[in-house]
Structure formats: structure tokens, C-alpha cells
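**Student:** One structure, as C-alpha cells, below. Some questions next.
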Amino acid sequence: MSGWISSRIRFDGLWQHPDFVKLWAGETISVFGSLIGRTALQFTAILVLDARPLQIATLLAMGIVPELIFAPFVGVWVDRLRRRPIMIAADLGRAALLASIPATYAFDALTMEQLYVVAFLTAIAGGQQQANRK
């Protein structure tokens with residue numbers, strides 16, 4: 001029995017590596033931000049713009065279709081370049097796109113079309129992130 005206990009795998013060693021901690025923290029923030037962003041787009045459309053069901057369905061499609069269309073091409077492109085700068089640029093791009101929503105709302109210029117564009121472009125950046133992680 002004591003042999004089993006001494007042969008257990010210890011995972012705390014990963015937390016001693018600063019590069020791993022940075023990667024883990026950045027990816028965790030990115031994933032939660034993506035989930036919140038997708039949900040917030042839908043709630044914004046419903047609560048602020050009084051979107052109809054067809055508009056919500058279109059918004060959801062704009063967040064899914066780009067991954068289906070562009071995934072093969074983005075995957076090949078990502079494999080030929082350094083991954084870290086691409087991942088950082090994609091996260092910053094998604095953040096800027098999502099930040100444009102409250103900015104345009106503040107100027108009373110928010111439209112469904114903008115939400116469609118934001119959903120489409122953030123889906124492309126998210127698809128790039130998925131390709132980069134593999």
C-alpha cells in the first residue's frame with residue numbers, strides 16, 4: 001500500500017513554472033471572456049435593441065458559421081506562423097470588438113448590424129484560437 005502512495009503523480013510542480021502559470025491564467029481569462037461575450041451579445045440584442053427571434057437566430061448563426069467556413073484555412077495559416085503573437089492579437093482584437101458595443105451604445109448608435117459584425121469577427125478570432133491550441 002505504501003508503494004502506491006509514493007508513486008502517485010504530483011501536479012503541483014506545474015504551478016512552480018511561471019510560463020505555465022501565465023499560459024493557464026491567460027487561457028482561463030480568454031475562455032471565460034469568450035463565454036461572457038457570446039452571452040452578452042444575445043442579452044444586449046434582446047434587452048437593448050428589442051431583437052426578434054429571427055434576429056437572435058441570425059446573431060447565433062453569425063457566431064457559428066465563420067468557424068465552419070474558415071476553420072480549414074485558418075488552421076493552415078496558423079500552422080505556418082508563430083502561435084503566441086497570433087493568440088495575443090486575436091484576444092486583443094476580440095476585446096476591441098466587444099468594447100465597441102458599449103462605446104456605440106453610449107453614443108446611441110448601437111444596431112443589430114453591428115452585433116452581427118462583432119459576432120462574425122469574434123467567431124473568426126475564436127476559431128483561430130482553437131486552431132492555435134491544437
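**Student:** Of the conditions (1) modelled with pLDDT of 85 or more; (2) loosely packed, with under 11 Cβ neighbours inside 10 Å; (3) over 16 Å from residue 84 (Cα atoms), residue 12 clears all except one; give me its number.
**Tutor:** (1)
**Student:** Determine the pairs where a residue that is in contact (Cβ under 8 Å) with a residue 24 or more places away in the chain and surrounded by fewer than 15 Cβ atoms within 10 Å (Cβ to Cβ), located within the range 92-111, has a partner that is of a type in the set (Val, Ile, Thr) and not in a helix (DSSP H, G or I) with Cβ atoms under 8 Å apart, the partner being 6 or more residues away or on another chain.
**Tutor:** Correct list of pairs: 105/48.
**Student:** Among the residues of the range 70-102, which ones are at pLDDT 90 or above and more than 15 Å from the chain's Cα centre (by Cα)?
**Tutor:** 100, 101, 102
**Student:** Please name all residue pairs, on different chains or six or more residues apart, with Cβ atoms under 8 Å, provided the first residue is in the range 56-81 and is within 12 Å of residue 116 (Cα to Cα) and touching a residue at least 40 places away in the same chain (Cβ under 8 Å) and the second residue is of a type in the set (A, V, I, L, M) and not in a helix (DSSP H, G or I).
**Tutor:** Pairs found: 59/51.
**Student:** Pick out the one residue from 73, 20 that is surrounded by fewer than 16 Cβ atoms within 10 Å (Cβ to Cβ) and either farther than 18 Å from residue 125 by Cβ or of a type in the set (Asp, Glu) (or both).
**Tutor:** 20
**Student:** Please count how many residues of the range 79-123 are outside any helix (DSSP H, G or I) and charged (D, E, K, R).
**Tutor:** Within the range 79-123, residues that are outside any helix (DSSP H, G or I) and charged (D, E, K, R) number 3.
**Student:** Within the range 30-53, identify whether any single residue is assigned to a loop (DSSP other than H, G, I, E, B) and surrounded by 15 or more Cβ atoms within 10 Å (Cβ to Cβ), and answer yes or no.
**Tutor:** Yes.
The values are calculated or read from the model by the stated rules, or taken from the named source; none is laboratory data. It should be emphasised that the depicted structure is a prediction, and the values quoted were computed from it without experimental measurement. Because the Cβ atoms are built from the backbone with ideal geometry, glycine has one as well, and the counts that use them run over all protein chains shown.
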